[in-house]
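**Student:** I'd like to ask you about the structure that follows.
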Amino acid sequence: MQSELSVGELAERSGVAVSALHFYETKGLIHSRRTAGNQRRYGRDTLRRLAVIRVAQRVGIPLATIRDALATLPDNRTPTRKDWMRLSTRWRDELDERIHRLTQLRDSLGGCIGCGCLSLDRCRLANPGDRLHENGAGARRWEED
């Protein structure tokens, strides 16, 4: 079994496009070495690192947050099961807050958003005297909730 993968082999094994691999590398999420012919070579452990990145992205964790979390690993190593538990636990509060906000949005989507554009018939009740304009332009009521 070979210890390193070409970019094409890594793309095929991981299901991640070559262009995405290059992008992840420029963002410091994965690393390669260059051969004498200037070709990228990735350690096989990059497959696990990519799995962590893809799962984290799938649940909405920004790439910068993923990169910062992976940077906490000693010697830039690939996360172990214990590392994954620690990293995913750190993201739990952020995900819970997003779920809360999305639930609020879903439940109040049909109501006033504080700018009057969708609630002219009820504006005097939800935003008497257009007081929300003091907070600036745009959908202020939703942003404040």
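The values are calculated or read from the model by the stated rules, or taken from the named source; none is laboratory data. These numbers come from a predicted model, not from an experiment. Here Cβ is always computed from backbone atoms with ideal geometry, including for glycine, and neighbour counts include all displayed protein chains. Keep in mind that these areas ignore ligands, DNA and RNA; they rest on the heavy atoms of the full protein, side chains included. Shrake-Rupley method; radii C 1.70, N 1.55, O 1.52, S 1.80 Å.
**Student:** Please pick out the residue among L21, L10, L50 that is in contact with a strand residue (DSSP E or B) (Cβ under 6 Å, 6 or more places away or on another chain) and assigned to a helix (DSSP H, G or I).
**Tutor:** Answer to the check: L10.
**Student:** Hey, another quick one. List every residue pair whose Cβ atoms sit under 9 Å apart, with the two residues 6 or more apart in sequence or on different chains, where the first one lies in region 82-106 and is farther than 13 Å from I61 by Cβ and the second, anywhere, is of a type in the set (K, R).
**Tutor:** Cβ pairs passing all conditions: D83/R77.
**Student:** With the requirement that a residue be open to solvent by 70 Å² or more (accessible area, probe 1.4 Å), of a type outside the set (K, R) and in a loop (DSSP other than H, G, I, E, B), what does region 73-94 give you?
**Tutor:** Across region 73-94, there are no qualifying residues.
**Student:** Here is a further query. Need the failing condition index for E97 against (1) among the acidic types (D, E); (2) farther than 30 Å from H133 by Cβ; (3) under 18 Å from the mean Cα position of the chain (by Cα), just the number.
**Tutor:** (2)
**Student:** Would you pick out the residues in region 20-38 that are surrounded by fewer than 12 Cβ atoms within 10 Å (Cβ to Cβ) and either touching a residue at least 40 places away in the same chain (Cβ under 8 Å) or over 18 Å from the mean Cα position of the chain (by Cα) (or both)?
**Tutor:** The answer is R33, R34, T35, A36, G37, N38.
**Student:** Could you grab me the full set of residues in region 95-140 that are open to solvent by less than 100 Å² (accessible area, probe 1.4 Å) and either among the hydroxyl-bearing types (S, T, Y) or modelled with pLDDT under 60 (or both)?
**Tutor:** Listed by number, the residues that qualify are T103, S108, C112, I113, G114, C115, G116, C117, S119, R140.
**Student:** Take the residues of region 53-72 that are of a type in the set (A, V, I, L, M, F, W, C) and assigned to a helix (DSSP H, G or I): which is surrounded by the fewest Cβ atoms within 10 Å (Cβ to Cβ)?
**Tutor:** Filtering region 53-72 for residues that are of a type in the set (A, V, I, L, M, F, W, C) and assigned to a helix (DSSP H, G or I), the one surrounded by the fewest Cβ atoms within 10 Å (Cβ to Cβ) comes out as A64.
**Student:** Collect the residues in region 17-38 that are within 25 Å of D68 (Cβ to Cβ), β-branched (V, I, T) and in contact with a Lys or Arg (Cβ under 7 Å, 6 or more places away or on another chain), keeping them in residue-number order.
**Tutor:** Once the filter is applied, which keeps residues that are within 25 Å of D68 (Cβ to Cβ), β-branched (V, I, T) and in contact with a Lys or Arg (Cβ under 7 Å, 6 or more places away or on another chain), region 17-38 yields only I30.
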